[in-house]
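For reference, the structure is listed below as structure tokens.
The values are calculated or read from the model by the stated rules, or taken from the named source; none is laboratory data. Being a predicted model, the structure only gives us computed values, none of them experimental. Cβ: placed from backbone, ideal geometry, glycine included. Neighbour counts: every protein chain shown.
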């Protein structure tokens, strides 16, 4: 039996235009990276500063995330779950 049938249907948390999200640095949790979504497509996100990032999906398909500083072992990631107030 597929896992979706056992646990019920899950919805993916997605980035939304006009909202801000944050992430923390792995080595220093006091450093916070904030991103405001200006525009998005199914696979790309554009920030208010004009930077573009590829949107990735978590391994269990519960949220989207981006890697604003690149992909390396301790790279911070910003998830659609961490919205700023």
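Might you let me know whether the range 53-63 holds any residue that is surrounded by 10 or more Cβ atoms within 10 Å (Cβ to Cβ), at pLDDT 95 or above and over 26 Å from residue 10 (Cβ atoms)? Within the range 53-63 (the criterion being surrounded by 10 or more Cβ atoms within 10 Å (Cβ to Cβ), at pLDDT 95 or above and over 26 Å from residue 10 (Cβ atoms)), the answer is no, since none of the residues qualifies.
Residue 6 fails exactly one of the following numbered conditions: (1) at pLDDT 95 or above; (2) not in a loop (DSSP other than H, G, I, E, B). What is the number of that condition? Condition (1) is where residue 6 drops out.
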